[in-house]
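Remarks on the structure that follows.
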Amino acid sequence: YIEASKNKVSLASAAKQRVIDKTSALALLEAQVATGFIIDPITGKKFSVDESVISGLVDYEWKTRLLEAEKAVLGYLFSGKKLSVYQAVESRILERQKGKNILETQIATGGVIDPVRSVRIPPEIAVELGLLNNTMLKYLHEPSSNKKS
């Protein structure tokens, strides 16, 4: 939202207009994608990364980074299996701090995403299903692990 003009704009548009820097816009879009989709602030419609690029909602130059973030929802493919964020961290295909940030965002917006079932699950149930473990759950709540990346 641009106060001076009272207009809603996408994060990409705000970055182009230098209302927000590109790094911040991309970080916010990555967080949004990791929760399931990109929202068009004008229409309220929800889009996948590919749909967002095609519609011009996000820049093509960000597509690769956003597709990587989208794996938090669709699953990280490893040895023919779809892995959750936690499982990707444990398999060392996702950096621990990045995984922690994604999980915190998912939990804050409705629960851990199970990429196989395409549903959100409360953290305690995610532990029971192997999508998270108690150690990671405790790590998510440790203030000392909340460094910015």
Quick one: residue 67 ticks every box in (1) in a helix (DSSP H, G or I); (2) at pLDDT below 95 except a single one, so which number is it? (2)
Single residue of 54, 2 found to be β-branched (Val, Ile, Thr), more than 26 Å from residue 141 (Cα to Cα), at pLDDT 95 or above and not assigned by the TED database to the domain that holds residue 136: 54
Boolean, residue 29 is touching a helix residue (DSSP H, G or I) at 6+ places or on another chain (Cβ under 8 Å) and buried (at least 20 other Cβ atoms within 10 Å of the Cβ): yes
Which residue pairs have Cβ atoms under 9 Å apart, sit 6 or more places apart or on different chains, and have a first residue in region 11-31 that is closer than 18 Å to residue 48 by Cα and a second that is crowded, with 21+ Cβ neighbours inside 10 Å and of a type in the set (Phe, Trp, Tyr)? 12/62; 25/62; 26/62; 29/62; 30/62
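Name the helices (runs of 4 or more DSSP H) wholly inside region 95-144 in which the number of residues that are within 22 Å of residue 29 (Cα to Cα) is 2 or more.
Those helices (runs of 4 or more DSSP H) span 96-108.
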Looking at region 50-65, can you tell me whether even one residue there is touching a residue at least 12 places away in the same chain (Cβ under 8 Å), surrounded by 22 or more Cβ atoms within 10 Å (Cβ to Cβ) and under 13 Å from the mean Cα position of the chain (by Cα)? no
I'm told residue 79 meets every condition in (1) among the hydroxyl-bearing types (Ser, Thr, Tyr); (2) crowded, with 20+ Cβ neighbours inside 10 Å; (3) modelled with pLDDT under 95 except one. Can you identify the failing condition by its number? (2)
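The values are calculated or read from the model by the stated rules, or taken from the named source; none is laboratory data. Since we're looking at a predicted model, the values are computed, not measured. In this analysis, Cβ positions are derived from the backbone assuming ideal geometry, glycine residues included, and neighbour counts consider all displayed protein chains.
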